[in-house]
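Asks: Quick one: structure below, then a few questions.
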Number of protein chains: 2
Amino acid sequence: MADDALVIFTPSGKRGRVALGTPVLTAARQLGVDLDSVCGGRGICSKCQVSPGLGEFPKHGLTVAEGALSGRNAVEDRYDRVRGLQPGRRLGCQAQILGDVVIDVPPESQVHKQVVRKRAEAREIVMSPAVRLLYVEVQEPDMHEPSGDAERLAQALETQWGLKGARCGFAVLQGLQPILRKGGWKVTCAVHQVAEGSEPRILQVWPGFHEGRVTGLAVDLGSTTIAGHLCDLASGEVLASSGLMNPQIRFGEDLMSRVSYSMMNPGGAAEMTRAVREGMNRLIAEIAAEAGEDPRDILDAVVVCNPVMHHLFLGIDPFELGQAPFALATSDAVNVRARDLDLTLHPAASVYLLPCIAGHVGADAAAVTLSEAPEKSADLVLVVDVGTNAEIQLGDRTGGVLACSSPTGPAFEGAQISAGQRAAPGAIERVEIDPVTKDPRYKVIGCDLWSDEDGFEAAVAETGVTGICGSGIIEMVAEMRMAGILDASGLIGSPEQTGTERCFLDGRTYSYRVREAGEDGRGITVTNRDIREIQMAKAALYSGARLLMDKRGTDTVDRVVLAGAFGAHISPKHAMVLGMIPDCALDKVVSAGNAAGTGARIALLNREARAEIEATVREIRKVETAVEPRFQEHFVNASAIPNAVEPFPILGTVVTLPDVSFNTGGESGSGEGGRRRRRR
Amino acid sequence: MADDALVIFTPSGKRGRVALGTPVLTAARQLGVDLDSVCGGRGICSKCQVSPGLGEFPKHGLTVAEGALSGRNAVEDRYDRVRGLQPGRRLGCQAQILGDVVIDVPPESQVHKQVVRKRAEAREIVMSPAVRLLYVEVQEPDMHEPSGDAERLAQALETQWGLKGARCGFAVLQGLQPILRKGGWKVTCAVHQVAEGSEPRILQVWPGFHEGRVTGLAVDLGSTTIAGHLCDLASGEVLASSGLMNPQIRFGEDLMSRVSYSMMNPGGAAEMTRAVREGMNRLIAEIAAEAGEDPRDILDAVVVCNPVMHHLFLGIDPFELGQAPFALATSDAVNVRARDLDLTLHPAASVYLLPCIAGHVGADAAAVTLSEAPEKSADLVLVVDVGTNAEIQLGDRTGGVLACSSPTGPAFEGAQISAGQRAAPGAIERVEIDPVTKDPRYKVIGCDLWSDEDGFEAAVAETGVTGICGSGIIEMVAEMRMAGILDASGLIGSPEQTGTERCFLDGRTYSYRVREAGEDGRGITVTNRDIREIQMAKAALYSGARLLMDKRGTDTVDRVVLAGAFGAHISPKHAMVLGMIPDCALDKVVSAGNAAGTGARIALLNREARAEIEATVREIRKVETAVEPRFQEHFVNASAIPNAVEPFPILGTVVTLPDVSFNTGGESGSGEGGRRRRRR
């Protein structure tokens, strides 16, 4: 009989021979198999559960006999009794290999387990958090070898976990001695390590084996809203999510008005810093309460935001970001202690801010890069994060990534539109206009019925129809154009020209009536000024994308990713009709949802992703739209709404835009947004 | 004519050929010559002053002709006008080498200048502080290369000073942008770097060239007194020194009573932590005021102290140090921010605490090691730091270093002695007793006259003669023994036995009257109980030393260094008569003064010394007296005061101790302290 046995781990396929009697966990370590353990093989944590196989494994040419593993022992029996062990499961640290065997490592037992993301094209998140729990048994003090308790703890982490040079945080050091004694020299450490090989910092020590979970916070700190996810740093699971309005809004709706506020008011920047940090603390409190956690137990945090929010959050006056050359105080990733930001997280928690790409392209854009990985894309992808500023990235894995920011203004968020409003119940979010009758039908947020369906009025009686949100505006304008209510220059036609009384003279131009004033007295109309605002916004967005395409030397992109909360609700068809984004096969336009928030979550769950995005950002070529003459040129030409005459395929249908023009003087009716189609 | 020239730098002797026109500073760098510069050769800082030679240099086989250097230029003229340039001095960054030349680098122009120490055998301090000023010119921001201001500052430090990866402290980052602009992209940085190659941290940035000096604080935090030196981190000069009583004294005179206080009183440790930090802040304020500096400008600090003070200062409950196995919370050196210790230094200042050797042998002992370097000694040296505990080290460069602590108690500091007092004006510090008349003469602190000299009483009228300080007690007891007033067992004889009425019955034993009660009503006597206290203290000290000698396997030492404030005032002759220290040629017994304070100053001025002492401490073999049976044995035997019969040479005189015994029963009159002499 051989004194060793063949062991094959699935799903990795790693295999090798180990001495008989070797515990499965030890074998996994020897063969480099990804099998979790917090207690280091002491039968306490149960993270190392495995499913041994039995019988024939033709794929591996192996027959596993009964007795290939040692029988269930007292530790496993006790664990099963107390916490339950699934049938067929064994504790990897207890089960010993006694013969050739195939052992499956279930996903939840893998250290670097993957967090499932919904979109097929989305990158997977591999668990590799900066903070993890490690259970150790520390050598007792010896008068004749008088090393300190902290040094013996560090030594235990090194010998039992291969973690070199761990240092206690100052607060940990202050309280270490009684904890070591309370735990009988057995303790669990929460260890923070920025990267493999960097100095590990012990954030907290618990006596004995600590059952609690380790949590971290990923925050997308936007100008308008602050949204966060509280994640379990072992499983990657999102425990709670929450969002609130950025309290800085009282200092100005958009970023530049906040920069102005800081310029005009002594102490204004500090005031805004306090406001945003208070907002963060409210979010932290809410989200922790939802998850049933103490905010003081949250051990790690990642924050993504635009450069102005970045500076204000860090307590840096954003003055320089308000004027050329838009110099950032710091562009690298920032590692800072939560307490330096007055955040009510764990006192030893770190906060990581992703690097900024440029003065107008911030850590939020870097987070989008991390989520969407244009630098790894096989095809040429345009990633657009639509907000008050649009951050635009264009790239693929061969040609690298270009990035710019474009000042779209707040029109896409419903601001500066006469009937515009935030996306909230009562807001029109979907629109269709009959090309014959020119009558609209629409859906409002909070109601599943279309406005021409029975019961609609009753269903919206409570909320009313209060306005049009950003995505509704896009559809509205595109539908008006497709129905021939609007000409290519963006002018609304007269009743005579359009054949509908919904168009009416409103001052010197015409407006389009969407909904009559009801009992609440409020009607909804689209004015020619609204159209102008949308034209400006979409022209800015389009020009930014176009500028990057120029720099790249291309007229087309293979794929468009719409990111941001707004991007998630936008209709690709209408966006393309409007000329917001360059042409692209419609099925190649996808929404990535809140990609910046996803990027923050990736950086929270995977520390290697931090180093990776830092390196990627250094390679991104930045294009400053403010000083690019081509941008202005594109902008002027892109204000038109395409009057394409050729049919172009949208979701299998054929759309032909009417070649109408309501005004022959002044503005050009055939902008670049149209010409580009002809060029095809 | 050659297109290069020979340049010889003195005092280093470094030589080489450089291209004609090379500035002296550049040549120095090329040849690895230690020539200072803060401004990086821009003619601003004047740190690179040199003295070029002229004429014959037979030693170097060189004749230096007129014109070997370029003539004085406008920058030097201006510097001379504004700040004065000594005759013969040139600015190394301005003077160009045009021919063979000998250039002297005066001490103040050397980067690693040496700080002069008084004692011949003392190690020199080479300037290599952890914090230094560096002037840089930072690249302006460029919209097309949108790196942050902090990153461009770091880049400037790298290209202009070879300093890689410098990071701004968080407060620096917050205020960086306006400073860079105010300085026109020229700034001076205070950079902290623990060691060559470790991450440099930018503590402060000033616009333009900063003229101010960089200061650091070295503190000897004793149980009784806190003493500090404020040092110029460029020159090493001590700018101010100050000391105050440790406010913790109200919680207990000695360390163990403070540990007891913390055990008996909830929150007691925290209370003592507050007290000592308040004391530190008072010291900082005093010392800064004396030097005319703002305490908030002090950029670095080193603190040495015993383990109990170490823990209390750091905010660690010293509970474990009060009982075996005397486990330290941490034994390694501690790097902590001043603000974490609530110290009113520069907000970004670091505080460095030397490593502790053992639970009873602290960072102060490590500082003594650093100052006295027993591990580098060619002869076998015994280093004794006398305080409430004596820390004793024995070693040489071949056999390594042994260390222990011995509980001498506070008798050497004048406590628990009936007429004992701290060293202050009015305290007897020197004593001689006439062996025939048995009358004493003495000197008191604050008066240069001996007590039997004319005018003594008038001179001490103001202070009075108030008591006997520690060093006075040693001399008193030794002189009493030498005059035959005391027998070897430590008993004071009767008037009949001693032949002097100064001895009088005082309860059940005799006392010795030093000074009659005067108008103030206070006389000074030495009681038999006082003798007992001193016997216990000296026996503890001697036994510790003896134990280390046993471990080392030697009966003799080559050299004795007495450290500590008390050690500085102790008379080697009397110490040896008393049997405090092992025998040694008297001229080989020296006082190192406050060696712990010196060690703190070395660590402050030379960062390499920190790594060095950390490595040295790891190699020191610790001996725990509390559990060594040999220590008890030595202690019992060492309480006697030697009754050596052979003459032994003390400063050329011959002393014979009388072989008297006042008591034949009870205590042994011939302890080991005596026997060891017979063994010779």
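Asks: Going by what's in this entry, would A:Val401 be described as in contact (Cβ under 8 Å) with a residue 24 or more places away in the chain, open to solvent by less than 30 Å² (accessible area, probe 1.4 Å) and within 30 Å of A:Glu614 (Cα to Cα)?
Replies: Spelling it out, A:Val401 is indeed in contact (Cβ under 8 Å) with a residue 24 or more places away in the chain, open to solvent by less than 30 Å² (accessible area, probe 1.4 Å) and within 30 Å of A:Glu614 (Cα to Cα).
Asks: Quick one: B:Phe326 ticks every box in (1) touching a residue at least 40 places away in the same chain (Cβ under 8 Å); (2) more than 11 Å from chain A (Cβ to nearest Cβ) except a single one, so which number is it?
Replies: Failing condition for B:Phe326: (2).
Asks: If you don't mind, another one. Restricting the search to the range A:152-170, which residues are in a helix (DSSP H, G or I), small (Gly, Ala, Ser) and more than 9 Å from chain B (Cβ to nearest Cβ)?
Replies: Across the range A:152-170, the qualifying residue is only A:Ala156.
Asks: Could you check the range B:294-324 and list, in sequence order, the residues that are out of contact with any Leu (no Cβ under 6 Å at 6 or more places or on another chain), surrounded by 19 or more Cβ atoms within 10 Å (Cβ to Cβ) and not in a helix (DSSP H, G or I)?
Replies: Of everything in the range B:294-324, those that are out of contact with any Leu (no Cβ under 6 Å at 6 or more places or on another chain), surrounded by 19 or more Cβ atoms within 10 Å (Cβ to Cβ) and not in a helix (DSSP H, G or I) turn out to be B:Asp300, B:Asn306, B:Gly315, B:Ile316, B:Asp317.
Asks: Condition first: crowded, with 22+ Cβ neighbours inside 10 Å and either in contact (Cβ under 8 Å) with a residue 24 or more places away in the chain or more than 8 Å from chain B (Cβ to nearest Cβ) (or both). Now tell me which residues in the range A:139-151 satisfy that.
Replies: Passing the criteria: A:Asp149, A:Ala150.
Asks: Give just the number: which of (1) of a type outside the set (Gly, Ala, Ser); (2) open to solvent by less than 10 Å² (accessible area, probe 1.4 Å); (3) touching a His at 6+ places or on another chain (Cβ under 7 Å); (4) farther than 25 Å from B:Ala568 by Cβ does B:Leu353 not satisfy?
Replies: Among (1) of a type outside the set (Gly, Ala, Ser); (2) open to solvent by less than 10 Å² (accessible area, probe 1.4 Å); (3) touching a His at 6+ places or on another chain (Cβ under 7 Å); (4) farther than 25 Å from B:Ala568 by Cβ, B:Leu353 violates only (4).
Asks: Only one residue in B:Ile445, B:Ile392 is of a type in the set (A, V, I, L, M), open to solvent by 10 Å² or more (accessible area, probe 1.4 Å) and under 23 Å from B:Asp220 (Cβ atoms), so which one is that?
Replies: Of B:Ile445, B:Ile392, the one residue that is of a type in the set (A, V, I, L, M), open to solvent by 10 Å² or more (accessible area, probe 1.4 Å) and under 23 Å from B:Asp220 (Cβ atoms) is B:Ile445.
Asks: While we're here: Pairs needed: first member in the range A:224-239, in contact (Cβ under 8 Å) with a residue 40 or more places away in the chain; second member anywhere, outside any strand (DSSP E or B) and of a type in the set (S, T, N, Q); C-beta distance under 8 Å; at least 6 residues apart or different chains.
Replies: A:Thr224/A:Asn246; A:Thr224/A:Thr388; A:Thr225/A:Asn246; A:Ile226/A:Asn246; A:Ala227/A:Asn594
Asks: Here's a follow-up. Could you name every one of the helices (runs of 4 or more DSSP H) located completely within the range A:513-597 that has at least 2 residues being hydrophobic (A, V, I, L, M, F, W, C) and farther than 27 Å from A:Val627 by Cα?
Replies: A:564-569
Asks: Restricting attention to the range A:258-269, report how many residues are open to solvent by 40 Å² or more (accessible area, probe 1.4 Å) and either under 22 Å from A:Gln416 (Cβ atoms) or modelled with pLDDT of 95 or more (or both).
Replies: Number satisfying all stated conditions: 3.
Asks: Hey, another quick one. Can you tell me which residue is nearest to the other protein chains (Cβ to nearest Cβ) among those in the range A:612-629 that are in contact with a strand residue (DSSP E or B) (Cβ under 8 Å, 6 or more places away or on another chain), in a helix (DSSP H, G or I) and surrounded by 21 or more Cβ atoms within 10 Å (Cβ to Cβ)?
Replies: A:Thr625
Asks: If you don't mind, another one. Regarding the range A:478-490, can at least one residue be identified that is in contact with a His (Cβ under 6 Å, 6 or more places away or on another chain) and not basic (Lys, Arg)?
Replies: yes
Asks: Name every residue in the range A:512-536 that is crowded, with 21+ Cβ neighbours inside 10 Å and touching a helix residue (DSSP H, G or I) at 6+ places or on another chain (Cβ under 9 Å), in order of residue number.
Replies: Across the range A:512-536, the qualifying residues are A:Tyr512, A:Val514, A:Val526, A:Asp530, A:Ile531, A:Glu533, A:Ile534, A:Gln535.
Asks: Shifting gears a bit: Give the residues of the range A:218-267 that are over 14 Å from A:Pro410 (Cβ atoms) and part of a helix (DSSP H, G or I), sorted by residue number.
Replies: Scanning the range A:218-267 gives A:Pro247, A:Gln248, A:Arg250, A:Phe251, A:Val259, A:Ser260, A:Tyr261, A:Ser262, A:Met263, A:Met264.
Asks: Given the condition outside the structural domain of A:Tyr135 (by TED's automatic domain parsing), touching a His at 6+ places or on another chain (Cβ under 6 Å) and assigned to a loop (DSSP other than H, G, I, E, B), answer yes or no: does some residue in the range A:62-71 qualify?
Replies: No, that holds for no residue.
Asks: Consider the range B:173-190. How many of its residues are surrounded by 21 or more Cβ atoms within 10 Å (Cβ to Cβ) and either more than 11 Å from chain A (Cβ to nearest Cβ) or touching a residue at least 24 places away in the same chain (Cβ under 8 Å) (or both)?
Replies: Going through the range B:173-190 one residue at a time, the tally reaches 7.
Asks: Further question on the same structure: Go through B:Leu20, B:Leu35 for me and flag whichever is within 18 Å of B:Asp3 (Cα to Cα), at pLDDT 90 or above, out of contact with any Pro (no Cβ under 9 Å at 6 or more places or on another chain) and aliphatic (A, V, I, L, M).
Replies: B:Leu20
Asks: One residue is enough: does the range A:468-480 have a residue meeting the conditions part of a helix (DSSP H, G or I) and surrounded by fewer than 21 Cβ atoms within 10 Å (Cβ to Cβ)?
Replies: The answer is no, given that none of the residues of the range A:468-480 is part of a helix (DSSP H, G or I) and surrounded by fewer than 21 Cβ atoms within 10 Å (Cβ to Cβ).
Asks: Condition (residue is open to solvent by 10 Å² or more (accessible area, probe 1.4 Å), under 18 Å from A:Gly420 (Cβ atoms) and not acidic (Asp, Glu)) applied to the range A:537-560: is it met by at least one residue?
Replies: no
Asks: So B:Gly99 passes all but one of these: (1) within 14 Å of chain A (Cβ to nearest Cβ); (2) at pLDDT below 95. Which condition number does it fail?
Replies: The single condition B:Gly99 does not satisfy is (1).
Asks: With respect to A:Gln193, determine if the residue is open to solvent by less than 40 Å² (accessible area, probe 1.4 Å) and not assigned by TED's automatic domain parsing to the domain that holds A:Ala603.
Replies: Answer is yes for this residue.
Asks: Would you mind telling me which numbered condition in (1) open to solvent by 60 Å² or more (accessible area, probe 1.4 Å); (2) farther than 21 Å from A:Ala640 by Cβ; (3) part of a loop (DSSP other than H, G, I, E, B) A:Val465 fails?
Replies: Of (1) open to solvent by 60 Å² or more (accessible area, probe 1.4 Å); (2) farther than 21 Å from A:Ala640 by Cβ; (3) part of a loop (DSSP other than H, G, I, E, B), only one is false for A:Val465: (1).
Asks: Can you tell me which residues in the range A:391-432 are in contact with a strand residue (DSSP E or B) (Cβ under 9 Å, 6 or more places away or on another chain) and of a type in the set (Ser, Thr, Tyr)?
Replies: Those that are in contact with a strand residue (DSSP E or B) (Cβ under 9 Å, 6 or more places away or on another chain) and of a type in the set (Ser, Thr, Tyr): A:Ser405, A:Ser406, A:Thr408, A:Ser418.
Asks: Give the residue, chosen from A:Asn606, A:Asn594, that is open to solvent by 10 Å² or more (accessible area, probe 1.4 Å), of a type in the set (S, T, N, Q) and modelled with pLDDT of 95 or more.
Replies: The match here is A:Asn606.
Asks: Is it true that B:Ala288 is more than 19 Å from A:Pro141 (Cβ to Cβ), open to solvent by less than 10 Å² (accessible area, probe 1.4 Å), part of a helix (DSSP H, G or I) and not assigned by TED's automatic domain parsing to the domain that holds B:Gly222?
Replies: No; evaluated as a whole, the condition is false for this residue.
Asks: Taking the range B:329-369 on its own, how many of its residues are in a helix (DSSP H, G or I), within 12 Å of chain A (Cβ to nearest Cβ) and of a type in the set (S, T, N, Q)?
Replies: Selection size over the range B:329-369: 0.
Asks: Considering only residues that are touching a residue at least 40 places away in the same chain (Cβ under 8 Å) and surrounded by fewer than 24 Cβ atoms within 10 Å (Cβ to Cβ), which ones fall in the range B:27-36?
Replies: Of everything in the range B:27-36, those that are touching a residue at least 40 places away in the same chain (Cβ under 8 Å) and surrounded by fewer than 24 Cβ atoms within 10 Å (Cβ to Cβ) turn out to be B:Asp34, B:Asp36.
The values are calculated or read from the model by the stated rules, or taken from the named source; none is laboratory data. Since this is a predicted model, take the numbers as computed values, not measurements. As a convention, Cβ positions derive from the backbone with ideal geometry for all residues, glycine included, and neighbour counts pool all protein chains shown. Just so you know, the surface numbers come from the protein's heavy atoms only, side chains and all, with ligands and any DNA or RNA stripped out. Shrake-Rupley method; radii C 1.70, N 1.55, O 1.52, S 1.80 Å.
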